[in-house]
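**Student:** Below: one structure in structure tokens.
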Amino acid sequence: MLALPPLFGRFLVRTGKVTDGQVRRAVRLQEELAGGLAEAAMLAGHINTEDLGKVKAHQRRTGAFFERAVIELGMMSEDALGSLKDHRGEESIPLGEALVLQGAIAESELAEILAEFERYKEL
């Protein structure tokens, strides 16, 4: 039988730290934000998940791209957006951070949960 590596999301559900639905929503958030400007804006603290929902609704109504939508909604200035574009990273947001952004786990708990997961993987 093939031994599969333990997955962080599965670990979180099995240990009761989050629900399966919370993991699925966090994975969708990862996919939506993968390497994009929205992810960089969230990580920099310019917007949160609630704001992102407002931006997406505005985009659907107006057809605006993300950059124009956050400016039109008053969430970011053009200068802040330009600076963010210059400094954004190209890495995807880790699942743990996506769960923190969504409020599924507390940021203060994340380091201990990750350490617990590392110990679990060694079993």
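The values are calculated or read from the model by the stated rules, or taken from the named source; none is laboratory data. The structure presented is a predicted model; accordingly, all values stated were derived computationally and were not measured. So basically every Cβ, Gly included, is an ideal-geometry build from the backbone, and we count neighbours across all protein chains shown.
**Student:** Quick check on this structure: which one of Ala57, Ala80, Ala115, Ala98 is surrounded by fewer than 12 Cβ atoms within 10 Å (Cβ to Cβ), of a type in the set (A, V, I, L, M, F, W, C) and assigned to a helix (DSSP H, G or I)?
**Tutor:** Ala115 is the lone residue from the list that is surrounded by fewer than 12 Cβ atoms within 10 Å (Cβ to Cβ), of a type in the set (A, V, I, L, M, F, W, C) and assigned to a helix (DSSP H, G or I).
**Student:** Now, a different point. Looking at segment 60-77, which of the residues that are among the hydrophobic types (A, V, I, L, M, F, W, C) and in a helix (DSSP H, G or I) is farthest from Glu32 (Cα to Cα)?
**Tutor:** Among residues in segment 60-77 that are among the hydrophobic types (A, V, I, L, M, F, W, C) and in a helix (DSSP H, G or I), the one farthest from Glu32 (Cα to Cα) is Ile71.
**Student:** Here's a check for you: in segment 83-95, which residue that is surrounded by 16 or more Cβ atoms within 10 Å (Cβ to Cβ) and assigned to a helix (DSSP H, G or I) is modelled with the lowest pLDDT? Give the derivation first.
**Tutor:** From segment 83-95, those surrounded by 16 or more Cβ atoms within 10 Å (Cβ to Cβ) are 84, 88, 93, 95; that's our starting set.
Right, trim to assigned to a helix (DSSP H, G or I) and you get 84, 95.
Working: Leu84: 84, Leu95: 88.
Step by step, filter segment 83-95, then rank; the result is Leu84.
**Student:** In segment 95-108, what residues are more than 22 Å from Ala57 (Cα to Cα), in contact (Cβ under 8 Å) with a residue 24 or more places away in the chain and not aliphatic (A, V, I, L, M)?
**Tutor:** Of everything in segment 95-108, those that are more than 22 Å from Ala57 (Cα to Cα), in contact (Cβ under 8 Å) with a residue 24 or more places away in the chain and not aliphatic (A, V, I, L, M) turn out to be Gly96, Glu97.
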